[in-house]
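Peer 1: This is the structure, below, for whatever I ask next.
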Protein chains: 2
Amino acid sequence: MPAKKIGKRTVRFESPPSVISSACVGGKREREGPLSEIFDYLSDDAFFGEDSWEKAESKMQTAALEAALSKASLPPSALGCILAGDLLPQCTASSFGLRGFGAPYWGVYGACSTSAESLALAAMLLDGGFFDVAACVTGSHFCSAERQFRTPLEYGGQRTPTAQRTVTGCGAFILSSAASGKALPPLNPHAPAPPTARGGTSAASGKAGVYITHATTGVIIDAGISDPSNMGAAMAPAAYDTISAHLRDLGVPANHYDLIVTGDLGAHGADILTGLLLRDGFDISDRYNDCGLMIYNREEQDMHCGGSGCGCSASVLAGKLIPELRDGSLKRVLFCATGALLSATSALQGESIPGICYAVALER
Amino acid sequence: MPAKKIGKRTVRFESPPSVISSACVGGKREREGPLSEIFDYLSDDAFFGEDSWEKAESKMQTAALEAALSKASLPPSALGCILAGDLLPQCTASSFGLRGFGAPYWGVYGACSTSAESLALAAMLLDGGFFDVAACVTGSHFCSAERQFRTPLEYGGQRTPTAQRTVTGCGAFILSSAASGKALPPLNPHAPAPPTARGGTSAASGKAGVYITHATTGVIIDAGISDPSNMGAAMAPAAYDTISAHLRDLGVPANHYDLIVTGDLGAHGADILTGLLLRDGFDISDRYNDCGLMIYNREEQDMHCGGSGCGCSASVLAGKLIPELRDGSLKRVLFCATGALLSATSALQGESIPGICYAVALER
């Protein structure tokens, strides 16, 4: 078995791709939350200047990728490919939001796990030598998600205690293969101190590069939960499955990582996950967090179990965790985005909610 | 630039992955068409024994993958990963249809280009050394697609002359990395003449292996078409873009291939494509076909411009083209599945229809 494959589910990258830049955009509730400062752009207008929420969601994808490219001092033509996804039917936030970049495009769908799914796939495509630079873009919008998955906002439905709020947010990442170190064309050759391809913001700043070292592919796990207002319980078994597979494949204890972070399990799902892992001897309680618990003040903002949506984990990773890895506050993070693979139709037809979780290991 | 990358858009596989088996399932209209014999299973019941069309679509995915695994004499546990997608919102035909296989799973979305998108990605993951065996599954269902993209069947809407009919069909492919030649566990060790991992049906039969040698990634092309009943015109510019990029990247004329085949442009889109390519000096008319023109008797079956849907190209490739490559009737095929990246919502909001096309080169 080649060294690239570790155990049954995990791959180790021989030349770990680096995250050369990341950016995120958000909405009004995200501005009111504790992480308002992580966003590159925040709009108090839920329409982002467009005439529909779906078009707003596309505009967020455009803005997030433009910001990430700008931070990397790269023109769109430097992109070998884009991997993108969202929660709208037929993933139209991505296809409409990113059609203007003219880049080779891979549409992916992992519900709220899309951020980690796209990062894991991109790392494989870069480490495999097929592309030099890739962008990953993932976003969600509260208003379009409510009418897609639950009830139209105008209906004014009450939310149950286990409900989470879909984050209006979008995160974008620019990844570079280790091999392409010198090949990145600068946006403006006269600009001061462009980032090095091997991941630093700038050599002069003393900030380090951030690398994707491992990825663990998700398996669809269906624990029989059928309440679309209890996504945390539906996704927690998948998170448990992937995190325990990852730790077993690497043969490391939980404290191998400074932080093990899930995407949007929320308060209820996080409790289930830590309990399931503890049963197997993995005590992650002192180094675990969930992006859905970080992005809002749950009590003050009346967010019930926390944030959700694929823009939740994408924004927190892009705006908070990547910068903290870069400045040394974090050294090694296991980023585990979780997705609930249901649709409004499947829920109305009485189906349970299958979950999936992809894990990506990031090191400074 | 590594030898893996050819030109701007195309990759060449250093160790071309092989298609070790393929299978497809279809419905009543597919049985009535000229390709009825290519299907491994045909159901006259649009529900496939389930109580909704969406569940029927999931069942087709299950059945197609089971048939492909059976032909390869492989158990589900041999799958390193599955790449799958469909046209339903949130790609639920795939997530529900494939949740029982217990395999690492990548959800992809390329509308009707999903068959080629998933094959191209799978070939990269195998050639990159990340997995030994991968399955690609893509399907669509006429009844669920009509109510998703156009009007509910009960409405009895009239179809326009440029309309195509969504194929009720699903294709599944099992791919093996060249390196994994001896690692495939047989389903039944006592079974006669199992397929070799390097692509033959059986050494004794004299049939050859089928390999994926190149892949060209799609770019989103929006020509401004906004009529959801004229998908051919919306997708043809993307097919033109990818096919011309592929031929330019390889530096070969169109007759490098025995067959250049698009997914579901239909009669109108096929005319546009051949005209656009001819303008550039690529005359493909004597070696071009479209899966949407092959699967039905357009006149007798009243199919207007032909078949469409992501099950169209997946079924024709799995049931007709792969076997013809294996038996030598075809030697080198450029398979170009085309997708229209719209949704019912985007169409109602007045958006145009972006198209995309992925190309995969298959050789005997």
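Peer 1: Just to verify a result, which residue in the range A:225-267, among those that are among the charged types (D, E, K, R) and within 30 Å of A:GLN158 (Cβ to Cβ), is modelled with the lowest pLDDT?
Peer 2: By that ranking, first place goes to A:ASP227.
Peer 1: Out of (1) crowded, with 22+ Cβ neighbours inside 10 Å; (2) more than 30 Å from B:SER43 (Cβ to Cβ); (3) at pLDDT 95 or above, the odd one out for B:SER177 is which?
Peer 2: (3)
Peer 1: Would you call A:GLU30 more than 10 Å from chain B (Cβ to nearest Cβ), buried (at least 24 other Cβ atoms within 10 Å of the Cβ) and in a helix (DSSP H, G or I)?
Peer 2: For A:GLU30, the condition - more than 10 Å from chain B (Cβ to nearest Cβ), buried (at least 24 other Cβ atoms within 10 Å of the Cβ) and in a helix (DSSP H, G or I) - is met.
Peer 1: If I filter the range A:157-164 for residues that are of a type outside the set (A, V, I, L, M) and either under 30 Å from A:GLU14 (Cβ atoms) or facing another protein chain (nearest Cβ under 10 Å) (or both), do I get at least one hit?
Peer 2: No.
Peer 1: Right, something else. Identify, please: which residue in the range A:61-94 is in contact with an Asp or Glu (Cβ under 9 Å, 6 or more places away or on another chain) and within 19 Å of B:SER343 (Cβ to Cβ) and is, among those, nearest to the other protein chains (Cβ to nearest Cβ)?
Peer 2: A:THR92
Peer 1: Might you let me know whether the range B:272-281 holds any residue that is among the hydroxyl-bearing types (Ser, Thr, Tyr), outside any loop (DSSP other than H, G, I, E, B), under 19 Å from B:LEU259 (Cβ atoms) and in contact (Cβ under 8 Å) with a residue 24 or more places away in the chain?
Peer 2: The answer is no, given that none of the residues of the range B:272-281 is among the hydroxyl-bearing types (Ser, Thr, Tyr), outside any loop (DSSP other than H, G, I, E, B), under 19 Å from B:LEU259 (Cβ atoms) and in contact (Cβ under 8 Å) with a residue 24 or more places away in the chain.
Peer 1: Would you check which residues across the range B:318-337 are farther than 22 Å from B:HIS246 by Cβ and not basic (Lys, Arg) and list them?
Peer 2: To start, the set of residues in the range B:318-337 that are farther than 22 Å from B:HIS246 by Cβ comprises B:319, B:323, B:326-329.
The answer is B:GLY319, B:PRO323, B:ASP327, B:GLY328, B:SER329.
Peer 1: To continue, here is another question. Considering only residues of the range A:212-239 that are hydroxyl-bearing (Ser, Thr, Tyr) and surrounded by fewer than 22 Cβ atoms within 10 Å (Cβ to Cβ), which is farthest from the other protein chains (Cβ to nearest Cβ)?
Peer 2: Ranking the candidates gives A:SER229 first.
Peer 1: Would you mind telling me which numbered condition in (1) closer than 18 Å to A:GLY309 by Cβ; (2) surrounded by 20 or more Cβ atoms within 10 Å (Cβ to Cβ) A:ALA46 fails?
Peer 2: Result: A:ALA46 passes all but (2).
Peer 1: Here's something else I'd like to know. What's the number of the only condition in (1) more than 14 Å from every other protein chain (Cβ to nearest Cβ); (2) closer than 20 Å to B:SER140 by Cα; (3) in contact (Cβ under 8 Å) with a residue 12 or more places away in the chain; (4) of a type outside the set (Phe, Trp, Tyr) that B:ARG287 fails to meet?
Peer 2: Answer for B:ARG287: the failing condition is (2).
Peer 1: Something else about it: Here is a list of conditions, (1) acidic (Asp, Glu); (2) crowded, with 22+ Cβ neighbours inside 10 Å; (3) over 21 Å from the mean Cα position of the chain (by Cα), and B:GLU54 meets all of them except one; can you say which number that is?
Peer 2: (3)
Peer 1: Sort out which residues of the range A:1-20 are surrounded by fewer than 24 Cβ atoms within 10 Å (Cβ to Cβ) and either under 20 Å from A:VAL316 (Cβ atoms) or of a type in the set (Asp, Glu) (or both), and write them in order of number.
Peer 2: A:GLU14
The values are calculated or read from the model by the stated rules, or taken from the named source; none is laboratory data. Owing to the predicted nature of the structure, the values given are computational and were not obtained by experimental measurement. Cβ coordinates were reconstructed from backbone atoms using ideal geometry, including for glycine residues, and neighbour counts include every protein chain displayed.
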